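*Asks:* Quick one: the structure is below, and I'll ask about it shortly.
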Amino acid sequence: MAETERNIPDGYNFAEFPVVPDLDENIENIRNILGGSSDLLVNPITICGVRAAVLCFEGMVSGLNTVHMVIRPLTEIRIENCTSEKLFSHIHNNMIISVDSAVSVKYGDIIRRLMSGFAVILVNGIGKAICGGIQGYAMRAVKEPSTEGNIRGAHEGFVEIVRTNMSLIRRRMKTPLLRFDLFAVAQKSNTDVVVCYMADRVPPALVKSIKKKLKNLDLESILGSGYIEPFLDSGSPSVFSGLSITERPDVMCAKLLEGRVGILIEGTPFAIVVPALFTEHFQTLDDYNFRPYYAVFLRYIRYIAFFLAVFFPGIYVAAALFHPEMLNSRLLVNLAAAEEAAPLSLMLEALITLIFYEIIREAGVRLPKSVGGAVSLVGGLIIGDAAVSAGIISNPMLLVCAISVTASFVIPSLDQQVTIFRIAAVIIGGFSGLFGIALLSAVMLANICAAENYGLPVMAPVSPFSSKAMGDVAVRLGFKKLGGRGFTVEQLNGAEISESAEYELENDGGEDHKN
């Protein structure tokens, strides 16, 4: 290769450029690609008269492991009549640098592995590099999930390290049918993404379609699961998504057994499940640890909580303004007396109360935890009590909104949809009464029923109806009937997962998101 061909004129176009035999030139090229970044550590070493170097990023590798697994074994090598080829062959074939090692021949692969916590060994005269994974960067320990609490289930949740998340799933599913496909996506961040599935439960076309969409993402970086959700939701636009998010490895295992595909993303503890059902928002892991009769009771509590969270303030406003005959006479007198001193209309009272709650909640989430509780105390007790005492908001309205907001805590996975539809119900109920509430209910129901993802109706098994699957929706059957049935979502009425995935693979194929 000519000298002019070896130089990398543009540090941004290095991915496919091959490693050259000259050690100094390789180090210089890597420094140029990284722009002289200060965290690149280069350790020159001479082994049996042959020059070599160990490269790594500061803070990305374990210093102790680097010394004991790489530096010290290299210094102890003894080869007679050593040449570059003999040294490289000895390191590659006779030394175990780490259980995760590979040979790289392009700068793009070297840079990606350096930034993933690998140590790179370069030997003068060899146009290849040996990479060994000796990661030692700081990471959060496996702890209880923050968004999916339980009583009798496991207290382990996903973390930000994708390989740790893979191990959490593998520990629960010790079967060779569980597959993990890891690859890097996004142009700048080169984020590691893992597609996991059960080979005997998932249509191959679905896996191919999802992997192709991920590899063709037109994104510079992926810093959270929300970055790639729009690309994986293949159905028509809907308020309700055909995807679900989980922070629990046991929940992910249950979804994989039902024929879903899981996506783990480096840097976030939230995994994506494709496709998903609306009824799953009302199911928790504890449902399968409690006795069936109590699990059914809790499940219907969640259904009622969803109704109260969305429609209770709107129905109260509609009934008080347009349908007072629906209220008991004594209750109507009490409500009229409470509202008489309030200067605002019922609809404005409800909107102010709900919006004020959203402000308090957002402040509590964004502020440090040490003062987050103070926000709730000031907002809920002091300001709320002062607003009632001043006559700006009536006690009944405050009670109604508090019940609605509390009910929304029962189903946190639907918080975004509940918030929007609750405010919409108040506005429509304030202008057109219960007729507007009924219309909103029909619109919401039609929106859910029309949504699908990869050929799976989001509202299944309710619509289209499947009597076999209702044993875990309308009720919760015992494990003598549920266990070992090998049920997959592809068997639901109206599900056309294989056909839909093949259609997207042939006609879409990620062309709209091509790099």
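*Asks:* Test residue 269 against the stated conditions and say whether it is within 26 Å of residue 154 (Cβ to Cβ), outside any helix (DSSP H, G or I) and in contact (Cβ under 8 Å) with a residue 12 or more places away in the chain. Show your work before the answer.
*Replies:* Details: within 26 Å of residue 154 (Cβ to Cβ): yes; outside any helix (DSSP H, G or I): yes; in contact (Cβ under 8 Å) with a residue 12 or more places away in the chain: yes.
Taking the combined requirement at face value, the residue satisfies it.
*Asks:* Within the stretch 224-252, can you find the residues that are part of a helix (DSSP H, G or I), charged (D, E, K, R) and under 26 Å from residue 171 (Cα atoms)?
*Replies:* Applying the first criterion (part of a helix (DSSP H, G or I)) to the stretch 224-252 yields 225-227, 229-232, 249-252.
With charged (D, E, K, R) added as a condition, the list becomes 229, 250.
Hit for the stretch 224-252 is 250, nothing else.
*Asks:* Ok, one more. Mind checking which residues of the stretch 85-123 are more than 35 Å from the chain's Cα centre (by Cα) and of a type outside the set (Val, Ile, Thr)?
*Replies:* If the condition is that a residue be more than 35 Å from the chain's Cα centre (by Cα) and of a type outside the set (Val, Ile, Thr), then 85, 86, 87, 88, 89, 90, 92, 93, 94, 95, 122 are the ones that fit.
*Asks:* Continuing with this model, one more query. Which condition breaks for residue 113 when tested against (1) assigned to a loop (DSSP other than H, G, I, E, B); (2) under 30 Å from residue 271 (Cβ atoms); (3) among the basic types (Lys, Arg)?
*Replies:* It is condition (1) that residue 113 fails.
*Asks:* Residues in the stretch 192-222 that are out of contact with any strand residue (DSSP E or B) (no Cβ under 8 Å at 6 or more places or on another chain) and under 15 Å from residue 501 (Cα atoms): how many?
*Replies:* First, the residues of the stretch 192-222 that are out of contact with any strand residue (DSSP E or B) (no Cβ under 8 Å at 6 or more places or on another chain): 200-201, 203-205, 208-209, 212-213, 216, 218, 220.
Filter once more, keeping what is under 15 Å from residue 501 (Cα atoms): 201, 203-205, 208-209, 212-213.
The total comes to 8.
*Asks:* Can we say residue 56 is under 20 Å from residue 163 (Cα atoms) and of a type outside the set (D, E, K, R)?
*Replies:* When the stated conditions are applied, residue 56 passes them.
*Asks:* Which of the residues that make up the stretch 19-75 are under 41 Å from the mean Cα position of the chain (by Cα) and closer than 16 Å to residue 127 by Cβ?
*Replies:* Scanning the stretch 19-75 gives 19, 20, 26, 27, 28, 29, 30, 53, 55.
*Asks:* Of the residues that sit in the stretch 384-401 and are buried (at least 16 other Cβ atoms within 10 Å of the Cβ) and among the small types (Gly, Ala, Ser), which one is nearest to the chain's Cα centre (by Cα)?
*Replies:* My answer is 384.
*Asks:* Output the residue which, of all residues in the stretch 165-195 that are hydrophobic (A, V, I, L, M, F, W, C), within 15 Å of residue 228 (Cβ to Cβ) and touching a residue at least 60 places away in the same chain (Cβ under 8 Å), is surrounded by the fewest Cβ atoms within 10 Å (Cβ to Cβ).
*Replies:* 184
*Asks:* Does the stretch 257-266 hold any residues that are aliphatic (A, V, I, L, M) and part of a strand (DSSP E or B), and which are they? Before you say what the answer is, go through the steps one by one.
*Replies:* Going residue by residue through the stretch 257-266, those that are aliphatic (A, V, I, L, M) are 257, 261, 263-265.
If the condition is that a residue be aliphatic (A, V, I, L, M) and part of a strand (DSSP E or B), then 261, 263, 264, 265 are the ones that fit.
*Asks:* Could you list, in sequence order, the residues of the stretch 192-223 that are of a type outside the set (A, V, I, L, M, F, W, C), under 22 Å from residue 256 (Cβ atoms) and not in a helix (DSSP H, G or I)? Even if it seems obvious, please write down each step before you answer.
*Replies:* So the first thing to find is which residues in the stretch 192-223 are of a type outside the set (A, V, I, L, M, F, W, C), and the list is 192, 197, 200-201, 203-204, 208-209, 211-213, 215-216, 218, 220-221.
Narrowing further to those that are under 22 Å from residue 256 (Cβ atoms): 192, 197, 200-201, 203-204, 208-209, 211-213, 215.
192, 197, 200, 201, 203, listed by residue number.
*Asks:* Scan the stretch 414-453 residue by residue and report those that are surrounded by fewer than 21 Cβ atoms within 10 Å (Cβ to Cβ) and acidic (Asp, Glu).
*Replies:* Once the filter is applied, which keeps residues that are surrounded by fewer than 21 Cβ atoms within 10 Å (Cβ to Cβ) and acidic (Asp, Glu), the stretch 414-453 yields only 415.
Rule-based calculations on the coordinates, nothing more; no lab input. Values in this document were obtained by computation on a predicted structure and should not be read as measured data. Here Cβ is always computed from backbone atoms with ideal geometry, including for glycine, and neighbour counts include all displayed protein chains.
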